[in-house]
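What follows is one structure encoded as structure tokens, with my remarks underneath.
Read-outs throughout are calculated quantities, based only on the coordinates presented, and are distinct from any laboratory measurement. Fair warning: this is a prediction, and the values are worked out from it, not measured in the lab. Don't worry about glycine lacking a Cβ; one is built from the backbone with ideal geometry, like all the others, and counts go over all protein chains shown.
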Amino acid sequence: MVWKQYPTQIQLWYIHENLLTLICKRRVHKILGDDTALPAIPSEDRFWIIDDWFPLAVECGMRFAASKRPASYFGKLSVSQIQSAAPAGIECRSFEQLHEAREWLETVAAG
């Protein structure tokens, strides 16, 4: 998943709902994201991801999420808040380089 600009709430929810469909149908355990251009995520959307989306993703089998850190200060803050609130069962990490995130995902095993 690659963010190329500021997503509206509709765009963010649409992408996450489609991602959830893929996680459930394909039994995806790992997600790689490039958040470089993500300027921020509004608090209402952060809470939706934390309270609504994460539990469904865990239920469908998602266990690991890795991403390249956003370049913007508020993007980093948004991602950090979401990752720190991830429920038990999902391990989330951010990296300075996308290849580092990919390499980490290759080392973890869904159990």
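Going from the residue with the fewest nearby Cβ atoms within 10 Å to the one with the most, MET1, MET62 rank MET1, MET62. Taking the DSSP bridge list for segment 9-107 and keeping only pairs wholly inside it, about 0 percent are antiparallel. Peptides 64-70, 3-9 ranked from most to least packed, by the mean per-residue count of other Cβ atoms within 10 Å: 64-70, 3-9. Pairs with C-alpha atoms separated by more than 21 Å, drawn from the list LYS4/LYS68; LYS4/LYS25; LYS30/LYS68, are LYS4/LYS25.
Would you compute, from DSSP H runs of 4+ residues alone, the mean residue ellipticity of the chain at 222 nm, taking -39500 (n - 2.57) per run and dividing by the full residue count, rounded to the nearest 500? Let's see the in-between values first.
On the way: 5 runs with 53 residues, N = 111.
Calculated from helices alone, the mean residue ellipticity at 222 nm is -14500 deg cm²/dmol.
Close amide H contacts of GLY33 (hydrogens built in the peptide plane, cut-off under 5 Å, sequence separation of 5 or more or a different chain): ALA66, SER67, LYS68. The simple spin-label model puts a point 7 Å past each Cα toward its Cβ; for ASP52 and ALA37 those points are separated by 2.6 nm.
If R0 is taken as 35 Å, the Cβ-Cβ distance between GLU91 and GLN9 corresponds to a FRET efficiency of 0.85.
Provide the convex hull volume over Cα atoms per residue for the chain, in Å³.
Values: hull volume 9.8 nm³, N = 111.
Convex hull of Cα atoms, per residue: 88 Å³.
Just want the ordering: HIS29, HIS16, from fewest to most Cβ atoms lying within 10 Å of their own Cβ. All intermediate terms of the calculation are to be shown ahead of the outcome.
On the way: HIS29 17, HIS16 20.
Sorted ascending by nearby Cβ count, the order is HIS29, HIS16.
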